[in-house]
Every structure is written in structure tokens, then in C-alpha cells.
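What follows draws every value from the coordinates through simple rules; no lab data is involved. In this text, all values refer to a predicted model and were calculated from it rather than measured experimentally. Virtual Cβ from ideal backbone geometry, glycine too; neighbours counted across all protein chains shown.
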């Protein structure tokens, strides 16, 4: 695993885009602080830059570095979650400007899978995660279901779980406000 993580970090440091398995579905990713790499993902997905993407972090402590304020209810929601949970927080900070939504918010999920946890911990920064598909197309059920167009556009394909089938279940999404009120979006 260490060799895969080291190779992936080399790509991230060069503004590269990775194609990798996550705790939900296969994703496209890059350094969440690298606006050039973020633009590359928008281009690969043929997606407008006004539709933000989420980031993966390895812990609550890391999450706190990328938003102005974490309401207490967010800690409770994360603790109670029984499946992957993305929370959209207001007032993102310390991220590539073109990654943050026009309203200043950002979606963040604490990664659960071994590879993502190891990668983020070793890299020391969050990574972008967005489904490995062209905008508007269905999410892939596994690596085999990712279009050749996406595969060819990635700078590095993480060579694990290539033959596995996933239920293609995206994370649950909750939008939270500083007041602690929240809405379930998915």
C-alpha cells in the first residue's frame, strides 16, 4: 500500500489528476489546494466550475482547517453516520478558489477506506473527490464501468480494486448552517 500511496503523491505534487477507488464510488481527484489541477478535473468531467466538488479529509481535526466554523451538530452527525456522509459547510477556507462553491460553501467527507485514509495522512492535505464520469452521465459501478475518455484523461490510475464491483452508492449529503440547522439533500 505504501508504494501506491507514494506513487499517487508524486502525481498530486505535479498538479496531476488521479483516478482512484473511494469508500463510495470510483473518483477523480487532485490536491484540493491546486487550482490548476481542479480546473483539469472540471475539464475532464465537462462540468461548469460553478458546480463545486467535495473534498476528502482524514479526520475531524483536518476538516477544521478548511472551514471557518464547525457547528456542534456536525460532530454529532458524523458520529451517528452509518454510511459515508458528506456535509456541506458554509465559509470554506484554505482551498483552491475554483473548488469552493460560489456561495462560499464546500462539501467535506471524512474518508473511511484504507487507501484514502493512508493517502490523505501521508500527503497531509485534503484531496478532491468527484465521481469518475462525464457530468450528467451515470456514476460507475466499478472501474470496468468508467469510460475510456475518463481513464485516458487521468494522469494516474490507482491500481487497486480494479476488478471489484461496487453498489455505486454515493454518500449521503447534508447541508449545515452555522446556526446548527441542517437539510438532508441526498
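Separation of the stretch 116-186 and the stretch 27-74, taken as the distance between their Cα centroids, equals 11 angstrom. Relative to the dominant Cα principal axis of the chain, helix 35-45 is inclined by about 70°. Here the label points at residue 13 and residue 164, each 7 Å from Cα along the C-beta direction, are separated by 2.7 nm in the simple model. For the chain, with a Gaussian network of springs between Cα atoms less than 10 Å apart, report the residue from 81, 92, 32 with the top mean-square fluctuation. Maximum fluctuation in the GNM of the chain, among the listed residues, is at 81. With contributions of -39500 (n - 2.57) from each DSSP H run of at least four residues, the per-residue ellipticity at 222 nm computed over the chain stands at -8000 deg cm²/dmol. Residues within the reach of a label modelled at residue 179 (point 7 angstrom out along Cα to beta-carbon, backbone nitrogen below 16 Å), restricted to the stretch 39-77, are 71-74. Is any residue of the stretch 36-57 close enough, with backbone N under 16 Å, to a label point placed 7 angstrom from the Cα of residue 147 along the Cα-Cβ axis, and if so, which? Answer for this model: 41-48. Each Cα pair of the stretch 95-182 feeds into the Kirkwood radius, which the Stokes-Einstein equation turns, at 10 °C and 1.306 mPa s, into a diffusion coefficient of 102 µm²/s.
Working note: Debye formula, equal point scatterers on the alpha-carbon atoms of the stretch 37-100, no solvent; log10 I(q)/I(0) at q = 0.19, 0.22 Å⁻¹ is -0.81, -0.99.
In a fully extended conformation the segment linking residue 103 and residue 123 would gain 4.4 nm over its present Cα-Cα distance, using 0.36 nm per residue.
Size descriptors for the stretch 2-184 (Cα atoms only): Rg and Dmax, in that order, 15.3, 44 Å.
Helix 2-13 axis versus longest C-alpha principal axis of the chain: approximately 80°, rounded to the nearest ten.
Across 90, 71, 21, mean-square fluctuation computed from a Gaussian network of the chain (C-alpha pairs under 10 Å connected) peaks at 71. Along its principal axes, the stretch 138-186 has C-alpha extents of 43, 23, 20 angstrom, given from the largest down. GNM on the chain, alpha-carbon springs under 10 angstrom: the most fluctuating residue among 132, 37, 122 is 122.
Relative to the longest principal axis of the Cα atoms of the chain, the long axis of helix 114-123 makes an angle of roughly 80 degrees.
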